[in-house]
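In what follows, a structure is listed as structure tokens, so that the remarks can point back to it.
The values are calculated or read from the model by the stated rules, or taken from the named source; none is laboratory data. Given the structure is predicted, the values throughout are model-derived calculations rather than measurements. In this analysis, Cβ positions are derived from the backbone assuming ideal geometry, glycine residues included, and neighbour counts consider all displayed protein chains. Note: accessible area is taken over every heavy atom of the protein model, side chains too, but ligands, DNA and RNA are not part of it. Shrake-Rupley method; radii C 1.70, N 1.55, O 1.52, S 1.80 Å.
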Amino acid sequence: MERMRELVEILNRWAYEYYVLDDPSVPDREYDRLYDELRELERETGVVLPDSPTRRVGGEPIKGFERHAHIARLYSLDKAVTEDELSAFFTRVQKAGEATYTVEYKYDGLTVCLTYEGGAFVRATTRGNGIEGEDVTAQALTVPSFPLTISYMGTLEVRGEAIIRLSALEKFNTAHPDEPLKNARNAAAGAIRNLDPKVTKSRSPEILFYDINYMSDSPVSSQTEAMEFLRREGFKTFPFFRHCKDREEVFAAVEEIEVGRRKLDVLTDGAVIKVNEEAIRADMGATDKFPRWAIAYKFEAEEAESTVRRVFWQVGRTGKLTPLAEIEPVELAGATVRRATLNNYGDLTRKDVKEGSRVLVRRSNEVIPEILGAVSHVEGSVPVEKPVVCPYCGSAVRETGANLFCTNQDCPPRIVQRLTHYCSKNAADVEGMSEMTLQLLYEKRGVRRFSDLYRLTAEDFGGLDGFKEKKIGNLLAAIEESKRIPLERFLYAIGIDGIGRVAARDLAAFGSVEAIAALGFEELVALEDIGEVTANSILAFFADEENRAELARLYEAGVTPTANVRKTEGIFSGENVVLTGSLGTMSRTEAQKLIEARGGVCQSAVSGKTTLVIAGEKAGSKLEKARALGIRVIGEAEFAEMLRP
Ligand SMILES: [Zn+2]
């Protein structure tokens, strides 16, 4: 028995050196010799120690996966694909408190959750729907990158990603030329979610650990502590991990990943940014689907080289001049690309793009492809001149930071772009109203304001090219239909600078355009997704006389923005409630639903309108602010009392 204990310990140490540290200290045959000796002893005695490496074989094929509930919910992450969305994330975090950040690789594999009790591994499950997943214990046991026993004695759930290294994939495919695995992501998921553990083993997946999902005793207080804990207990973690103090450092770390990832043996398609401090995480909470304190930044995928033919300028609805390059047609992710954007004048000069340059083009997630930079210049490359007047209307150009703006509110392309935005799907959603039609209506029928759309008749369309009776009828019906518009879409449609769909939704909670127009600076910046610049542009918008007149014309035409608030009566009627900290008996989302079902309105941040704050454990800055404002604060017990029928 003593010899068995000794063998298990030696073998586990060697396995740890080999699989976790990638630094073997003995040749394979030495490992095999002791392994065989241990197997022999186990056969003789009929005893298998709980952390014996022979338990790693995984056993016989199983009939099906059993479902198993996670102790704490395994959230997936909200995604950002643009730097704007990333900025919105930082704005939200800053409102919650003084946070630092961690940056990690976003792996492209299958998420698994390992449970330990009393120091021993008991179970592995897939993420599944986040609440329950499939039991893949037998499959996970064939993976040697985690310990079977640990020193922590409480109940623990750790989280990792099952991946297959690109080299392992290649090796497998060389050995199985008849049935090659198509890509590393599917191969990893297929390996873990295979009923036969032998198949799992043959594909040599690894699990890389990156988080703690649940800890019963002395939980860690930050992501950096969680990583230290994982490494200390013998879990394989990924070497790249950055602790950043501000957003500049985060951007630098993200760039480091983006540049370095091509040389890696592990598939990654982005970076994961998390708030490091547990206390701030608890304060920020989660939406229905995602934690608010973490975000996955996905890299844009496809790139190709091409040559710039010429650069021209486009004017958008804010008046911003965007340089657009006409390029030699190039295939990019299954589409032929002929144009690529350079974002703004500063971008053009910084990337040193000239007419005739060879450039690297990247397909963005939603907009037109972007020029990443000049690869080389050829003889005869011509620098792009900086416009001194607007190329469309000849008005003076104003330079603000990296951007150039046409100073003329009535610059023709601005008007058409404003109208196009107003009619777009997420705004007034005037179905069938294209930019080209709006261009025609502007040129031939003098349509300039949103309200002009509502005075159009069949006769107005009659003389225009390509407009038959049916098309006219459909367009007029769509315009009519757009009068009944949800408030949040209306706020987005009217084009207040800086108001995207997210901020519009936040504002819509105030119930009416008038209520929003009456908000002050402090109340605006207290909202989750609104910073100082946007707050000022909202104030400026409603202070503008022409804007107010246009709103009046829209109402006059019958446009009725409606907030979808359900009026319910209950103990929270008339209360504007903010939840902070974590509640012991329910999630914040559940608490929110209970409050709303009893007539209350839930807010994301404490403002002058807040009437009640419910403070759970580890309540942070929101609680301090509530106290400073003299708002009534209650604890969880009193909250539970109010919920009682
Ligand atoms: Zn202009």
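What's log10 of I(q)/I(0) for the stretch 557-600 at q = 0.21, 0.22, 0.25 Å⁻¹, Debye sum over Cα points only, no solvent?
Calculated log10 I(q)/I(0) at the listed q: -0.74, -0.78, -0.90.
Relative contact order, percent, of the chain when contacts are C-alpha pairs under 8 Å separated by at least 6 residues?
Over the chain, the number comes to 10 percent.
Quick one: which residues, 5+ away or cross-chain, put their amide H under 5 Å from the amide H of Lys79? H built at 1.01 Å from N.
Distant-sequence amide H within range of Lys79: Ala296.
Percent of Cα-Cα pairs per 20 Å bin, from 0 to the last occupied bin, for the chain, please list those.
15, 40, 34, 11, 1
What residues of the stretch 115-148 lie in the reach of a label at Thr155, counting those whose backbone N is under 16 Å from a point 7 Å from the Cα along Cα→Cβ?
Zone members listed by number: 115-125, 131-133.
Kirkwood hydrodynamic radius, computed over distinct alpha-carbon pairs, for the stretch 428-562: how many Å, to one decimal?
One decimal place: 16.1 Å for the Kirkwood radius.
State the volume of the convex hull built on the alpha-carbon positions of the stretch 576-643, expressed per residue in Å³ and rounded to an integer.
72 Å³
Kindly give Rg over Rh for the stretch 247-374, based on alpha-carbon atoms, with the Kirkwood expression for the hydrodynamic radius.
1.06
Residue-wise, which Karplus ³J(HN,Hα) couplings in Hz belong to the stretch 78-93, taking 6.51 cos²θ - 1.76 cosθ + 1.60, θ = phi - 60°, and x for glycine or proline?
5, 10, 10, 10, 10, 5, 4, 5, 5, 4, 4, 4, 5, 4, 4, 5
Out of the trypsin sites (Lys or Arg not before Pro) in the stretch 150-259, which ones are loop residues according to DSSP with at most 10 other C-beta atoms within 10 Å?
Loop-located and lightly packed - Lys182.
Can you give me the three principal axis dimensions of the stretch 484-526 from its C-alpha atoms, in Å, biggest first?
Answer, in whole Å and largest first: 30, 19, 13 Å.
Amide H of Leu404: which non-local residues (sequence gap of 5 or more, or other chain) have their own amide H closer than 5 Å, using H built in the peptide plane?
Leu321, Tyr345
Give the Kirkwood hydrodynamic radius (Å, one decimal) of the stretch 288-435, defined as one over the mean of 1/r across all pairs of different Cα atoms.
17.0 Å
Which value, in nm² and rounded to one decimal, describes the direction-averaged projected area of the C-alpha convex hull of the stretch 2-57?
Averaging across all directions leaves 3.7 nm² for the Cα convex hull.
Report ³J(HN,Hα) in whole Hz for each residue of the stretch 219-228, in order, from the Karplus equation J = 6.51 cos²θ - 1.76 cosθ + 1.60 where θ = phi - 60°; Gly and Pro get x.
Calculated HN-Hα couplings, in order: x, 5, 10, 7, 5, 4, 5, 4, 5, 4 Hz.
Give Lys79/Lys236; Lys274/Lys351; Lys63/Lys274; Lys593/Lys625; Lys245/Lys354 a once-over and call out the pairs whose C-alpha atoms are over 28 Å from each other.
Lys274/Lys351; Lys63/Lys274; Lys245/Lys354
Probe radius 1.4 Å, ligands and nucleic acids ignored: give me the carbon and sulfur share of the accessible area of the chain as a rounded percent.
49 percent
So if I take the centroid of the Cα atoms in the stretch 312-387 and the same for the stretch 569-645, what is the distance between those two points in Å?
That distance is 50 Å.
For the stretch 15-20, take each phi angle, set θ = phi - 60°, evaluate the Karplus expression 6.51 cos²θ - 1.76 cosθ + 1.60, and give the result in whole Hz per residue in order, putting x for glycine and proline.
With the stated coefficients, the stretch 15-20 comes to 4, 4, 4, 6, 8, 8 Hz.
For Gln603, list long-range residues whose amide hydrogen, built 1.01 Å from N in the peptide plane, is under 5 Å from its own amide hydrogen.
Here Val577, Val578, Leu579 satisfy the definition.
For the chain, the longest stretch holding no GluC sites (Glu not before Pro) located in a DSSP loop with at most 14 other Cβ atoms within 10 Å is which?
Longest run free of exposed loop sites: 99-365.
What full-extension length gain, to one decimal in nm, is calculated for Asp32 and Ser202 as 0.36 nm per residue of separation minus the Cα-Cα distance?
59.4 nm
By how many nm would the segment from Asp246 to Glu481 lengthen if fully extended, with 0.36 nm per residue of separation less the alpha-carbon distance?
Additional length available on full extension: 80.0 nm.
Convex hull over the Cα atoms of the stretch 386-458, averaged projected area in nm²?
It is 6.0 nm².
How much of the DSSP beta bridge set in the chain is antiparallel, as a percent to the nearest 5?
80 percent
Per residue, how much accessible area does the stretch 303-406 have with a 1.4 Å probe, in Å²?
50 Å²
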